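Trainee: What follows is a single structure, and I will ask about it in a moment.
The values are calculated or read from the model by the stated rules, or taken from the named source; none is laboratory data. A quick note: this is a predicted structure, and the numbers were derived from the prediction, not measured. Cβ coordinates were reconstructed from backbone atoms using ideal geometry, including for glycine residues, and neighbour counts include every protein chain displayed.
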Amino acid sequence: MSRPRSLAASGTFIHAKTKTPFPKDLAGYKRKSVYAFDKEKTNIGTVYWSADRKTKMSVYLYPYEVGTEDRLKQAYSTAYMEVAVTSKKGITATQKPISYIKDDYKINGLQANIKYVKEGTNSYLSVFECGKWLFKFRITSEVLDSAAIQELATTVIDTFAPTNLVKLDPLDIKPTLHLAPGATADSVITVSVLGSAFEKMQWVTDNVSPLERAAGFPGLYLELHVASLKAFAAQEQDKRMTNSARLPSTTAYLAELNKIISSGYLREFIMKEYDMLLIVPENITLDFEGFLQWRKLNPISIDLSSRFYVLSYK
């Protein structure tokens, strides 16, 4: 469908595929519209307004059946950009990872508390991955401050309990490895890629519960990326690979990665590459000022968004 289609709903609207109820009244806000973005009516959006029309809530539920490790970040980034382009003078935002736990199920999400610079309005955005579904909602208000909006957001999440979507349609947590063309450029890079991917799989198995993995590949954990990159870089130190065929680009990449690791700023580097949207262990202290000073003297060409591989659940 090229345009959303309005759906008739007088009382509670029930999402046919998941049986998720969209109530007519949500935390005192009245539902004004329900619309579908696909013919099957699986991609659904609803809009709620306050009585004075100064606060608007939009709740979305849509299918996303392949849980790639960057699925959540991609969905959130798209939604965030949609918010940004609606502002005439730009926005300021505080962003962070969030989670929701119920009945031993844990879902991870990303959240932004947004201020429209010219308009003076406050807004909230969050996206959760919930097995084979994504749950997203926005709040925009001319009168509520960020604390009141956060309280309202908590009420919305509790009302919908999106962990139920994982119970209904969990992902198969047996990972699939997808290799990029560059992953087989030479024998050294191939061994590095496979070592990194298997280390990532092992870290997830050892540190994340099956019920959390059923919601999505847990790509928000900083230590997951630390472990996988160290495994990737370890091939340069492996004497068995000394005489293996390698391209100059492979030598340069591994040398630079090991340089970052040796500097002690690997975590800071990863956080910057992932827009600071990763879950940091409570016992880890990061030194971004020191990292920025080091980076001025040590230019980095590695771009972690250029992937050698992607892991996914189905």
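Trainee: Among the residues that make up the range 272-285, is at least one of them over 20 Å from residue 97 (Cβ atoms) and of a type outside the set (S, T, N, Q)?
Mentor: Checked against the condition, which is being over 20 Å from residue 97 (Cβ atoms) and of a type outside the set (S, T, N, Q), the range 272-285 yields no hits at all.
Trainee: Among the residues in the range 102-117, are any at pLDDT 95 or above and touching a Cys at 6+ places or on another chain (Cβ under 6 Å)?
Mentor: yes
Trainee: Kindly provide the set of residues from the range 9-38 that are surrounded by fewer than 11 Cβ atoms within 10 Å (Cβ to Cβ) and touching a strand residue (DSSP E or B) at 6+ places or on another chain (Cβ under 8 Å), ordered by number.
Mentor: Across the range 9-38, the qualifying residue is only 25.
Trainee: How many residues does the range 209-223 contain that are surrounded by fewer than 18 Cβ atoms within 10 Å (Cβ to Cβ) and within 16 Å of residue 104 (Cβ to Cβ)?
Mentor: Total meeting the criteria: 2.
Trainee: Residue pairs, Cβ under 8 Å, 6 or more apart or interchain, first in the range 71-84 and in contact (Cβ under 8 Å) with a residue 40 or more places away in the chain and more than 17 Å from residue 130 (Cβ to Cβ), second crowded, with 19+ Cβ neighbours inside 10 Å and charged (D, E, K, R). List them.
Mentor: Short answer, once both residue conditions are applied: 83/138.
Trainee: Only one of 194, 171, 134 is within 27 Å of residue 212 (Cα to Cα) and surrounded by fewer than 20 Cβ atoms within 10 Å (Cβ to Cβ); which?
Mentor: Every option except 194 fails the conditions.
Trainee: Return yes when residue 45 is farther than 23 Å from residue 208 by Cα, out of contact with any Gly (no Cβ under 6 Å at 6 or more places or on another chain) and exposed (fewer than 12 other Cβ atoms within 10 Å of the Cβ) and no when it is not.
Mentor: No; evaluated as a whole, the condition is false for this residue.
Trainee: What's the total number of residues in the range 106-154 that are assigned to a strand (DSSP E or B) and either free of Cβ contacts under 8 Å to residues at least 60 places away in the same chain or under 22 Å from the mean Cα position of the chain (by Cα) (or both)?
Mentor: 28
Trainee: Let me ask another. Tell me which residues, restricted to the range 203-215, are closer than 15 Å to residue 67 by Cβ and either in a helix (DSSP H, G or I) or free of Cβ contacts under 8 Å to residues at least 12 places away in the same chain (or both). Give the steps one after another, and end with the answer.
Mentor: Pass one, the range 203-215, residues closer than 15 Å to residue 67 by Cβ: 204, 208, 210-215.
204, 210, 211, 212, 213 - these are the residues of the range 203-215 that are closer than 15 Å to residue 67 by Cβ and either in a helix (DSSP H, G or I) or free of Cβ contacts under 8 Å to residues at least 12 places away in the same chain (or both).
Trainee: From the list 86, 92, exactly one residue is among the polar types (S, T, N, Q) and not in a loop (DSSP other than H, G, I, E, B). Which is it?
Mentor: 92
Trainee: On the given criteria, is residue 73 outside the structural domain of residue 222 (by TED's automatic domain parsing), in a loop (DSSP other than H, G, I, E, B) and among the basic types (Lys, Arg)?
Mentor: Judged against the criteria, residue 73 is not a match.
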